[in-house]
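Written out below as structure tokens is the structure these notes cover.
The values are calculated or read from the model by the stated rules, or taken from the named source; none is laboratory data. Everything numeric here is computed off the predicted structure, so don't read it as measured data. Here the Cβ is made from the backbone with ideal geometry for all residues, glycine too, and neighbour counts use every protein chain on show. Calculation scope for accessible area: heavy atoms of the full protein, side chains included, ligands and nucleic acids excluded. Shrake-Rupley method; radii C 1.70, N 1.55, O 1.52, S 1.80 Å.
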Amino acid sequence: MKPFRLTEFLGKMEPNSVAIFPSAHEVRRNQDTDFEFRQETDFYYLTRLNEPDCVAVLAPNHPEHKYVLFVRPRKREEEIWTGIRAGVEGAIRDFGADAAYDIAELDRILPKYLQNVHTLYHRFGQNAEFDQKVFGTIKHIRGKVRGGVYAPTTIIDPITIVHEMRLRKNEDDLNSLRRAAAISAEGHVAAMQHCKPGMYEYELEAVVEYVFRKRGAAGVGYPSIVGAGFNSTILHYNTNQCQISDGDVVLIDAGAEYNLFSGDITRTFPANGKFTKAQQAIYEVVLNANKEVIKMVKPGESFMKLHEHSIDVVTQGLIDIGLLTGSVKDNVAAKAYEKFFMHKTGHWLGMDVHDVGRYKLDDDWRTLEPGMVFTVEPGVYIAAGAEHVPEEFFNIGVRIEDDVVVTETGCEVLTTGVPKEPQEIEAMMKESPKAII
Ligand code: GLY
Ligand code: MN
Ligand code: MN
């Protein structure tokens, strides 16, 4: 049977059109060692086939071959090194293709599916080598014009269909996301409970990622960020190499990948288990914004309004603790908050951590619909030496990030498995750590 999403995609295509989706390739890391393979997300979403060097062709008007797969053939001498493949037979039998070919046949066979088709769906600009193949195929078909054959004249980016589908999660997607988020939360809890001043950031990274794998995640959805002290103020710090000092805050941004869906959680906690007054003051500004934004989430709300409200709450908080002066309105107009809060409050979340889907439709910011999933992650970052900031606030970076699903009436928070109230964090850090092995 064809995968459900693929059938849905076929139903949304233009009349007399064909879509092509290349899979990911293996990418060389060094000498003869490859990076860990990660399937191209649109390809996996549509086909569920997790192998490199494949191409899917969707041809809704073809009398028999509406779904064609080009795959690596089964070859014992290669499978002995890199594992069993679906092969041409498996592509039909297990993955629902109407026809399948050896990928080595692509140049010879692809023109047969693209000739006399008006519209081609292909995402140019992702894979230069594959783009050249597509150009070459079109050129080849154009060369046959006197034989009454024509090449596609309209090219559409398939994301117009597939990324809109990916933006709205179905119940299966949500179950994978729930699991990814629950495992991510367990990893964060373990890191909080195992943290001690004197440890290295990479030790906490190891704890978090150990829990991810132990609980069945494939690994991380993105490189884990574990930053203590000054490093907590670096937004995408992920070298995780420094020693954690007494009195540091530790910011961990880490998410497990499960069924190719990613969790995305940030928590910030005191290395020694007790927030200083300054740390707690900043923490509460961010927590307030996080909670206020989550309360606003419901169908019909504008995605941008969430960010604007988050800015207002953070700005008011920074005024209250004396880091900004004047009115919220003036500080917001002057973007004074950007010195402390320089990123957006959230992003779509799904099979890619920064998931796909447009944020604006024409000139308007998108409004929320049930099934959309995104992060809520306000932050405040103050590096040592920040101008006009008292020293007790130096080297405090706080981000609090949760994952939410828009429901019919509001939202479901997927990341409640790890505490975010400062008292709860302190209490949990006092407990003996739960066994993780
Ligand atoms: N972990 C990347 C982000 O939070 O956007
Ligand atoms: Mn994150
Ligand atoms: Mn995020």
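With respect to the conditions (1) within 25 Å of Glu284 (Cα to Cα); (2) touching a helix residue (DSSP H, G or I) at 6+ places or on another chain (Cβ under 7 Å); (3) within 16 Å of ligand 2 (Cβ to nearest atom), Met342 falls short on a single one, namely (2).
Screening Met1 against (1) modelled with pLDDT of 95 or more; (2) open to solvent by 20 Å² or more (accessible area, probe 1.4 Å) leaves a single unmet condition, (1). For region 213-238, the candidate set comprises residues that are among the hydrophobic types (A, V, I, L, M, F, W, C) and part of a loop (DSSP other than H, G, I, E, B); within that set, the residue that is farthest from Arg178 (Cα to Cα) is Ile234.
Residues are listed down the side, and each one gets a yes or a no for (1) within 16 Å of ligand 1 (Cβ to nearest atom); (2) in contact with an Asp or Glu (Cβ under 8 Å, 6 or more places away or on another chain); (3) of a type in the set (A, V, I, L, M):
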site	(1), (2), (3)
Val249	no, no, yes
Glu257	yes, no, no
Phe269	no, no, no
Lys344	yes, no, no
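Only one entry in Val418, Val376, Val356 is β-branched (Val, Ile, Thr), within 16 Å of ligand 1 (Cβ to nearest atom), open to solvent by 10 Å² or more (accessible area, probe 1.4 Å) and in contact with a Ser or Thr (Cβ under 9 Å, 6 or more places away or on another chain), namely Val356. Within the set Tyr67, Tyr44, the sole residue that is under 24 Å from Met351 (Cβ atoms), among the aromatic types (Phe, Trp, Tyr), open to solvent by 20 Å² or more (accessible area, probe 1.4 Å) and within 29 Å of the chain's Cα centre (by Cα) turns out to be Tyr44.
Check Tyr222 against each of (1) over 27 Å from Gly385 (Cβ atoms); (2) within 14 Å of ligand 1 (Cβ to nearest atom); (3) open to solvent by less than 20 Å² (accessible area, probe 1.4 Å) and name the one condition it does not meet. Single failed check for Tyr222: (3).
Of the residues making up region 337-346, those that are open to solvent by 20 Å² or more (accessible area, probe 1.4 Å) and within 16 Å of ligand 3 (Cβ to nearest atom) are Met342, His343, Lys344. Taking strands (runs of 3 or more DSSP E) as the structural unit, those lying wholly within region 387-428 and holding at least 2 residues that are of a type in the set (D, E, K, R) correspond to 402-406. If you take the residues of region 391-410 that are away from ligand 3 (no atom under 16 Å from the Cβ) and surrounded by 20 or more Cβ atoms within 10 Å (Cβ to Cβ), which of them is farthest from Asn231 (Cα to Cα)? Here the residue is Val406. Considering region 228-252 alone, what residues qualify as being open to solvent by less than 10 Å² (accessible area, probe 1.4 Å) and within 16 Å of ligand 3 (Cβ to nearest atom)? Scanning region 228-252 gives Ser232, Leu251, Ile252.
Among (1) out of contact with any Phe, Trp or Tyr (no Cβ under 7 Å at 6 or more places or on another chain); (2) at pLDDT 95 or above, which single condition is Leu167 missing? Exception for Leu167: condition (1).
Summed over region 260-292, residues that are closer than 27 Å to Val353 by Cα and not in a loop (DSSP other than H, G, I, E, B) total 19. A single entry from Glu201, Glu186 fulfils the requirement of being charged (D, E, K, R), more than 30 Å from Gly11 (Cβ to Cβ) and open to solvent by 50 Å² or more (accessible area, probe 1.4 Å): Glu186.
Quick grid of which residues meet (1) within 16 Å of ligand 2 (Cβ to nearest atom); (2) among the polar types (S, T, N, Q); (3) surrounded by fewer than 22 Cβ atoms within 10 Å (Cβ to Cβ):
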| position | (1), (2), (3) |
| --- | --- |
| Thr268 | yes, yes, no |
| Lys277 | no, no, yes |
| Gly317 | no, no, no |
| Ser327 | no, yes, yes |
| Lys335 | no, no, yes |
